[in-house]
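Colleague: Quick one: the structure is below, questions incoming.
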Amino acid sequence: MRESEEMKRAVVIIDGKCHLCHGLTRFLVKHDRKASIRFAALQSKAGRAHQEAAGLTLAYTDSFLYSKNGTYYKESGAVLRVLWQVGGAWRLLYPLLLVPPPLRNAVYRYVARNRYRWFGGSEVCLLPSPHVLARFVEDGLGNEEI
C-alpha cells in the first residue's frame, strides 16, 4: 500500500512506552470486530510521520493521536472518536464531545501526566503479541534505530 493510502486509514498512534497505551491497544484489538483500526507507536518512523502530518512537534508524547481519512484528532477528541469507531455500547460516550474541549482535555491531560506513575512504563517500546502486531502499520513499532 502506498504511504499516502496508509495515512488515510484509521490509525491510533500511541506512546509505545506507556503501559496504559498498551492496555488501550489490547482493548481496541479485542473490541474492534471489523479490525478497521491500525496502530503505530509515537516513537516509530510511522508515528513520527503521523505527528508531522498532524503539525505536531516530534517531542509531543503526552497524547495518542487518532487519524482517519487524513484528519487528525488528539486528546479527549481522539478517545471519543476511536470509541465511536469501535461501536457497540462505547458509542454512548460520544455525546461527551458536547462538553467543551477545555474541560474534557483537562481531565485527559491529568490522566496523561500521571499515566506512568499509575500504570507504569518502560524504557523501550514493548513488543506486542503476534495477534496485536499484525495490526501495526509498516514501521509502526518504536524500537527502530533512528
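Colleague: Of the options VAL79, THR57, SER67, report the single residue whose Cα projects farthest towards the positive end of the charge dipole of the stretch 3-126 (beta-carbon charges: Lys, Arg +1; Asp, Glu -1).
Modeller: About the Cα centre, the residue reaching furthest to the positive side is VAL79.
Colleague: Choose one of ALA112, LEU97, SER44: the residue whose Cα lies farthest towards the positive end of the charge dipole of the stretch 3-126 (beta-carbon charges +1 Lys, Arg; -1 Asp, Glu; about the Cα centre).
Modeller: It is LEU97, whose Cα lies furthest towards the positive end.
Colleague: Sorted by average packing, counted as other Cβ atoms within 10 angstrom per residue and highest first, what order do 93-104, 22-33 take?
Modeller: Going from most to least packed, we get 22-33, 93-104.
Colleague: A further question follows. Figure the gain on full extension for LEU98 and LYS30 (residue separation times 0.36 nm, minus the Cα-Cα span) and round it to one decimal in nm. List each step's numbers first, then the result.
Modeller: Numbers: separation 68, 0.36 × 68 = 24.48 nm, distance 2.74 nm.
Computed gain between LEU98 and LYS30 is 21.7 nm.
Colleague: Follow-up. Sequence gap at least 6, Cα distance under 8 Å: using those rules, report the relative contact order of the stretch 3-126 to the nearest whole percent.
Modeller: On the way: 164 pairs, mean separation 41.5, N = 124.
Value for the stretch 3-126: 34 percent.
Colleague: Another one. Any idea what the dipole of the stretch 13-94 comes to, in debye rounded to 20, about its Cα centre with Lys/Arg Cβ at +1 and Asp/Glu Cβ at -1? Walk me through the numbers before you get to the answer.
Modeller: Numbers: 12 positive and 5 negative charges, 72 e Å.
The calculated dipole for the stretch 13-94 is roughly 340 debye.
Every number in this text was worked out from the coordinates using simple rules, so none of it is lab data. Because the structure is a prediction, the values reported are computed rather than measured. Ideal geometry is used to build each Cβ from the backbone, glycine not excepted, and the neighbour counts take in all protein chains shown.
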